[in-house]
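The values are calculated or read from the model by the stated rules, or taken from the named source; none is laboratory data. Just so it is clear, the structure is predicted and the values come from calculations on it, not from any experiment. Neighbour counts run over all protein chains shown; Cβ positions are idealised from the backbone, glycine included.
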């Protein structure tokens with residue numbers, strides 16, 4: 001079900017809603033910068049992975065290089 005042990009941390013610089021211009025094919029476009037990465041220790045709500053009812057919630061630790 002879950003294939004990665006790491007997640008990116010990013011800073012969202014700009015977010016634009018563009019669904020009207022794209023006929024709902026694309027909802028948003030963004031400008032972002034990756035600022036780090038985390039190691040995922042535990043998924044707190046695994047059912048969200050399957051049904052997409054909410055954001056996935058996890059326990060993490062800062063990944064060491």
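So, in the range 16-28, how many residues would count as being closer than 24 Å to residue 4 by Cβ and either under 14 Å from the mean Cα position of the chain (by Cα) or outside any loop (DSSP other than H, G, I, E, B) (or both)?
Within the range 16-28, the first condition is being closer than 24 Å to residue 4 by Cβ, and the residues that meet it are 27-28.
Among the residues that remain, those that are also either under 14 Å from the mean Cα position of the chain (by Cα) or outside any loop (DSSP other than H, G, I, E, B) (or both) are: 28.
Of the residues in that region, 1 qualify.
Here is a check on your reading of the model: is residue 65 modelled with pLDDT of 95 or more, surrounded by fewer than 10 Cβ atoms within 10 Å (Cβ to Cβ) and more than 15 Å from the chain's Cα centre (by Cα)? Can you show your working first?
Working: modelled with pLDDT of 95 or more: no; surrounded by fewer than 10 Cβ atoms within 10 Å (Cβ to Cβ): yes; more than 15 Å from the chain's Cα centre (by Cα): yes.
Answer is no for this residue.
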Selection within the range 42-65 - in a loop (DSSP other than H, G, I, E, B), farther than 17 Å from residue 9 by Cβ and without any contact (Cβ under 8 Å) to a residue 24 or more places away in the chain = 44, 45, 52, 53, 54
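Got at least one residue in the range 16-24 being in contact (Cβ under 8 Å) with a residue 12 or more places away in the chain and in contact with a strand residue (DSSP E or B) (Cβ under 6 Å, 6 or more places away or on another chain)?
Step one: of the range 16-24, the residues in contact (Cβ under 8 Å) with a residue 12 or more places away in the chain are 16.
After this cut, where a residue has to be in contact with a strand residue (DSSP E or B) (Cβ under 6 Å, 6 or more places away or on another chain) as well, the list is 16.
Within the range 16-24, one or more residues are in contact (Cβ under 8 Å) with a residue 12 or more places away in the chain and in contact with a strand residue (DSSP E or B) (Cβ under 6 Å, 6 or more places away or on another chain).
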